[in-house]
Amino acid sequence: MMADLFARLAPARARLAAADDRVVDTQIVLSEIPAPTGAEHARGECVAARFRALGLEDVRTDDVGNVIGARRGTSDQAPVLVCAHLDTVFPEGTPVGVARDGVQLAGPGIVDNSRGLAAMLALAEAIDGARVRTHRPVIFAATVGEEGAGDLRGVKHLFARLDAAPAACIALDGAGDDRIVHRALGARRFRVTFQGSGGHSWSAYGTPNPVHAAGAATAKLAALPLPHVPRTTLSVSRIGGGISVNAIPTDAWLEIDVRSSSTDALASCASDIEQAVRAAVREENARRASGMPLLDYAISTIGDRPCGELPPDHPLVRAAADATRAIGRSPELATASTDANVPISLGVPAIAIGAGGRGGGVHTASEWYDNTDGTLGVARALTVVVSAAELAVGV
């Protein structure tokens with residue numbers, strides 16, 4: 001069945017190959033538009049203009065900044081959603097120019113996720129409703145807030161407001177043409193604050209010290225036993241507090257990142273964090289001088305990325321694996337945190353795949369992309385999307 005579909009898409013793959021230079025040019029244009037998480041508007045406007053130029057219908061920007069367009073199918077069946085995130089990890093003011101060195105491109109965000117966006121636009125052009133038409137409608141969405149503190153804000157908003165659940169979701173994220181992310185790596189992030197009365201480091205000594213409590217909590221968290229199966233990680237990623245070396249702080253804080261593909265493991269870690277922090281505060285208060293006020297604390301959730309898994313034998317995963325083999329690659333099933341987390345957690349079949357080529361240095365200023373055989377990844381993505389959306393016409 002996949003062999004037949006792949007053969008029927010041969011003319012479309014040839015058109016994609018002929019447009020390869022143009023796809024890379026689009027990738028560069030997008031990469032050079034700053035898009036820090038929470039400030040994706042300019043890049044979103046560029047994608048919206050290209051959606052309109054490609055003749056997508058109902059092109060719009062929603063309340064949070066997602067850019068959405070659709071290609072009609074021959075039926076009113078549930079659509080297939082193709083998404084790629086707009087935002088990058090790089091803060092405002094980061095130079096985002098792209099440099100060429102032979103076949104290699106270098107620049108912040110050139111892979112993650114300018115490549116995914118460029119490939120999505122190439123698919124929107126390839127699935128043109130005439131030469132390539134599907135039975136199911138195909139919705140294309142450039143999402144905001146995928147990275148870091150964005151907490152998958154865009155795709156969460158999108159799924160909360162869709163008229164009906166899609167039949168499938170394919171997220172295009174970064175480079176590569178062999179990985180198939182079908183396990184959603186969940187993440188819960190916490191900010192712990194400690195509050196005390198503070199005072200002079202000599203005259204107020206004996207006042208409970210928030211930084212001491214933060215340090216003790218960090219040590220307890222670092223010593224927690226974590227499951228190896230499923231792999232679970234806990235990191236105290238940031239810590240701070242105090243105003244001067246000769247003052248007992250009035251406050252301190254730390255931020256914690258917990259990751260697992262298991263909801264139960266994430267919940268267990270959340271409980272362990274509460275116990276560790278409570279113990280650290282209790283121990284610090286036990287050392288206070290008589291009459292000194294107690295130290296207090298608060299724990300807030302600052303991120304919640306849902307987890308889950310699409311079984312390896314699900315038709316969407318099998319189709320992606322077959323499409324990967326069709327381009328001469330070996331499929332690699334993987335776990336990651338992507339826009340696909342949200343649909344997977346809601347029971348919607350979803351995967352994330354790379355958009356072709358090779359890359360490295362992701363999330364660093366030295367991020368690079370090599371487009372050698374890059375068109376194969378776009379061809380794979382086209383095959384997966386059309387398989388899910390059911391090809392009606394392919395010439």
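Per-residue answers, yes or no, for (1) at pLDDT 95 or above; (2) assigned by TED's automatic domain parsing to the domain that holds Ala78; (3) in contact with an Asp or Glu (Cβ under 9 Å, 6 or more places away or on another chain):
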position	(1), (2), (3)
Val132	yes, yes, no
Thr143	yes, yes, yes
Glu146	yes, yes, yes
Asp151	yes, yes, yes
Leu158	yes, yes, yes
Arg161	no, yes, yes
Ala164	no, yes, no
Ile180	yes, yes, yes
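Restricting attention to segment 310-327, does a residue exist that is surrounded by fewer than 16 Cβ atoms within 10 Å (Cβ to Cβ), out of contact with any strand residue (DSSP E or B) (no Cβ under 6 Å at 6 or more places or on another chain) and closer than 19 Å to Gly174 by Cα? There is no residue in segment 310-327 that is surrounded by fewer than 16 Cβ atoms within 10 Å (Cβ to Cβ), out of contact with any strand residue (DSSP E or B) (no Cβ under 6 Å at 6 or more places or on another chain) and closer than 19 Å to Gly174 by Cα. Condition test on Val258, is it of a type in the set (A, V, I, L, M), surrounded by 14 or more Cβ atoms within 10 Å (Cβ to Cβ) and in contact (Cβ under 8 Å) with a residue 40 or more places away in the chain? Answer is yes for this residue.
Of the residues Val138, Val229, only one is over 30 Å from Val378 (Cβ atoms) and either touching a Pro at 6+ places or on another chain (Cβ under 8 Å) or of a type in the set (A, V, I, L, M, F, W, C) (or both); which?
On the way: Val138 fails: over 30 Å from Val378 (Cβ atoms).
Just a single option satisfies the conditions, and that option is Val229.
Listed residues Thr207, Thr232, Thr250, Thr218; which is among the β-branched types (Val, Ile, Thr) and within 30 Å of Ile344 (Cα to Cα)?
Details: Thr207 fails: within 30 Å of Ile344 (Cα to Cα); Thr250 fails: within 30 Å of Ile344 (Cα to Cα); Thr218 fails: within 30 Å of Ile344 (Cα to Cα).
Answer to the check: Thr232.
Restricting attention to segment 55-62, does a residue exist that is closer than 20 Å to Ala119 by Cα, in contact (Cβ under 8 Å) with a residue 60 or more places away in the chain and in the same structural domain as Gly174 (by TED's automatic domain parsing)? Looking for residues that are closer than 20 Å to Ala119 by Cα, in contact (Cβ under 8 Å) with a residue 60 or more places away in the chain and in the same structural domain as Gly174 (by TED's automatic domain parsing), one finds at least one in segment 55-62, hence yes.
Just a yes or no: is a residue in segment 90-108 hydroxyl-bearing (Ser, Thr, Tyr), in contact with a helix residue (DSSP H, G or I) (Cβ under 8 Å, 6 or more places away or on another chain) and assigned by TED's automatic domain parsing to the domain that holds Ala53?
Step one: list which residues in segment 90-108 are hydroxyl-bearing (Ser, Thr, Tyr), which gives 94.
Filter once more, keeping what is in contact with a helix residue (DSSP H, G or I) (Cβ under 8 Å, 6 or more places away or on another chain): none.
There is no residue in segment 90-108 that is hydroxyl-bearing (Ser, Thr, Tyr), in contact with a helix residue (DSSP H, G or I) (Cβ under 8 Å, 6 or more places away or on another chain) and assigned by TED's automatic domain parsing to the domain that holds Ala53.
Residues that are under 27 Å from Ala10 (Cβ atoms) and charged (D, E, K, R) within segment 294-352 comprise Arg318, Asp322, Arg325, Arg329, Glu332, listed in sequence order.
The values are calculated or read from the model by the stated rules, or taken from the named source; none is laboratory data. The model shown is predicted, which means the values in this text are computed figures rather than measured ones. Note: ideal-geometry Cβ built from the backbone for every residue, glycine included; neighbour counts use all protein chains shown.
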